[in-house]
Amino acid sequence: MDIKKLEAWYDKNHRKLLFRETKDPYKIWISEIMLQQTQVETVLPFFEKFIHKYPNVKALSLADEEGLKKDVEGLGYYRRFKYLLKAAKYIVDHHDSIFPKSYEEVIKLPGVGKYTAGAIMSIAYHKPYSALDGNVIRVLSRYLNLNDDFRIEKNRKKLDDINQSYIELANPHTYTQAMMELGATICRPKKPKCEICPLNEHCLAYELNIQETLPFLSKLKDKKLFQYITLKIYDHDQHIFLRKRTEDLLEGMYEYPQFDSESIYDVISLLEEKNILIDVIEDMGNYKHIFTHQIWEMHIYEVILITGVDPEWIKVKQDNLMNLPMAVAHRKIK
Ligand code: SF4
């Protein structure tokens, strides 16, 4: 691979992103966690505010989980921020609040996998550790014309080894970022800009004109559809009732109580069995929210609580609703 050409291209052309202009391992760590499954444009405003509020590991370690989730409401995949907080506390306890410097220590942090550890080590510390993300998979599979299924772990491992062999010949700080940037801006999934790509001279996919057929990724299982009756439950005293999620998806986020059912009458009967009486005030219609692996179809009702309460429900002042971390799937319900 023409690594020198790739690095020169990056030095001259990269976007001046806030988190690419720093070598502070703390900031690089935060940015890499935020960028997991999330677009750069979405992350940027969150990152800026986050670093302002939590400028270092110590400040982050003092955050409370609920407040932290509120700060990142809208980014999705909230479990990563639970781990982020756990990792900050771990660094305070085990590394005297200083971000660890060795790969072995970095990969021990909660929520940090091989990719994130590789990104931190190479970008912050100039150490040759591969960071293979979706962008890098795309660039390498095309450059080398590899049509293995990169959803399969052993094939990713093979590509990771190849990436490792390249980074060992490169300036790790520049190489990792150059590959990510190339994948994001030039070697895009559709219509890659091969004419201006620094790797075009030896790129096999370009030569064969098969760029858009790679990488090969087998189809994910179809999204699962869930149908819910979702209740905005009020009392006569300006309160609304919420539930704090304990499920893996959106754990710790607040939601309106919802029921795995298609009929409000079934829900009313179910609540009556628990000695909870409600009165329906308004049928608010259907809302749909699409996650990566599932779809929620929610039929929303506004109801008044007459008597009883479910132990899982939490009574909240209506004007405090905006201060709580809430799943976007429910926040968008007006
Ligand atoms: S030449 Fe085209 S397909 Fe090959 S790496 Fe560059 S942008 Fe991707």
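Taking only the range 259-295 into account, find how many residues are over 16 Å from LYS334 (Cβ atoms) and in a strand (DSSP E or B).
So the count comes out to 8.
Which residues, counting only those in the range 186-239, are more than 31 Å from the chain's Cα centre (by Cα), assigned to a strand (DSSP E or B) and of a type in the set (Phe, Trp, Tyr)?
Scanning the range 186-239 gives a single hit, TYR234.
Return a yes/no flag: does the range 209-216 have any residue that is touching a strand residue (DSSP E or B) at 6+ places or on another chain (Cβ under 9 Å), within 11 Å of the ligand (Cβ to nearest atom) and under 20 Å from GLN36 (Cα atoms).
Looking through the range 209-216, at least one residue is touching a strand residue (DSSP E or B) at 6+ places or on another chain (Cβ under 9 Å), within 11 Å of the ligand (Cβ to nearest atom) and under 20 Å from GLN36 (Cα atoms).
Could you count how many residues in the range 163-201 are under 13 Å from SER141 (Cα atoms) and either of a type in the set (Asp, Glu) or more than 9 Å from the ligand (Cβ to nearest atom) (or both)?
Qualifying residue count, the range 163-201: 3.
Give the number of residues within the range 76-96 that are part of a loop (DSSP other than H, G, I, E, B) and not aromatic (Phe, Trp, Tyr).
2
Can you name the residue in the range 6-57 that is charged (D, E, K, R) and surrounded by 14 or more Cβ atoms within 10 Å (Cβ to Cβ) and is also nearest to ALA178 (Cα to Cα) among such residues?
GLU7
Please name all residue pairs, on different chains or six or more residues apart, with Cβ atoms under 9 Å, provided the first residue is in the range 34-46 and is more than 19 Å from ILE120 (Cα to Cα) and the second residue is in a helix (DSSP H, G or I).
THR42/MET34; PHE46/MET34; PHE46/ASP71
On the basis of being crowded, with 22+ Cβ neighbours inside 10 Å, touching a Ser or Thr at 6+ places or on another chain (Cβ under 7 Å), farther than 25 Å from ILE162 by Cα and in the same structural domain as ASP64 (by TED's automatic domain parsing), does ALA119 make the cut?
Criteria not met by ALA119.
Residue under question is GLU73, and the condition is that it be part of a helix (DSSP H, G or I) and of a type in the set (Asp, Glu); does it hold?
No, not satisfied.
Please pick out the residue among ILE268, ILE278, ILE264 that is modelled with pLDDT under 90 and either touching a strand residue (DSSP E or B) at 6+ places or on another chain (Cβ under 7 Å) or exposed (fewer than 14 other Cβ atoms within 10 Å of the Cβ) (or both).
Testing whether each residue is modelled with pLDDT under 90 and either touching a strand residue (DSSP E or B) at 6+ places or on another chain (Cβ under 7 Å) or exposed (fewer than 14 other Cβ atoms within 10 Å of the Cβ) (or both) leaves just ILE264.
Look through LEU231, LEU225 and report the one residue that is surrounded by fewer than 13 Cβ atoms within 10 Å (Cβ to Cβ), under 30 Å from VAL309 (Cα atoms), aliphatic (A, V, I, L, M) and more than 9 Å from the ligand (Cβ to nearest atom).
Exactly one of LEU231, LEU225 is surrounded by fewer than 13 Cβ atoms within 10 Å (Cβ to Cβ), under 30 Å from VAL309 (Cα atoms), aliphatic (A, V, I, L, M) and more than 9 Å from the ligand (Cβ to nearest atom), namely LEU225.
Out of all the residues in the range 114-139, which are of a type in the set (S, T, N, Q), within 20 Å of the chain's Cα centre (by Cα) and farther than 14 Å from PRO100 by Cβ?
Passing the criteria: only ASN135.
Please find, within the range 297-334, the residue that is surrounded by the most Cβ atoms within 10 Å (Cβ to Cβ) out of those that are β-branched (Val, Ile, Thr) and under 17 Å from GLU247 (Cα atoms).
ILE314
Cβ-Cβ below 8 Å, separation at least six or inter-chain, first residue in the range 204-222 and closer than 16 Å to LEU140 by Cβ and touching a residue at least 24 places away in the same chain (Cβ under 8 Å), second of a type in the set (D, E, K, R) and more than 9 Å from the ligand (Cβ to nearest atom): which pairs?
Close Cβ pairs satisfying both conditions: PHE216/ASP148; PHE216/ASP149; LEU217/ASP149; LEU217/ARG151.
Of all residues in the range 283-294, which are at negative phi and loosely packed, with under 15 Cβ neighbours inside 10 Å?
Answer for the range 283-294, where residues must be at negative phi and loosely packed, with under 15 Cβ neighbours inside 10 Å: ASP283, ASN286, LYS288, ILE290, THR292, HIS293, GLN294.
Considering only the range 124-162, how many residues are assigned to a helix (DSSP H, G or I) and within 15 Å of the ligand (Cβ to nearest atom)?
Number of matching residues: 12.
The values are calculated or read from the model by the stated rules, or taken from the named source; none is laboratory data. Treat the numbers as computed from the prediction; the structure is a model and nothing was measured. Here Cβ is always computed from backbone atoms with ideal geometry, including for glycine, and neighbour counts include all displayed protein chains.
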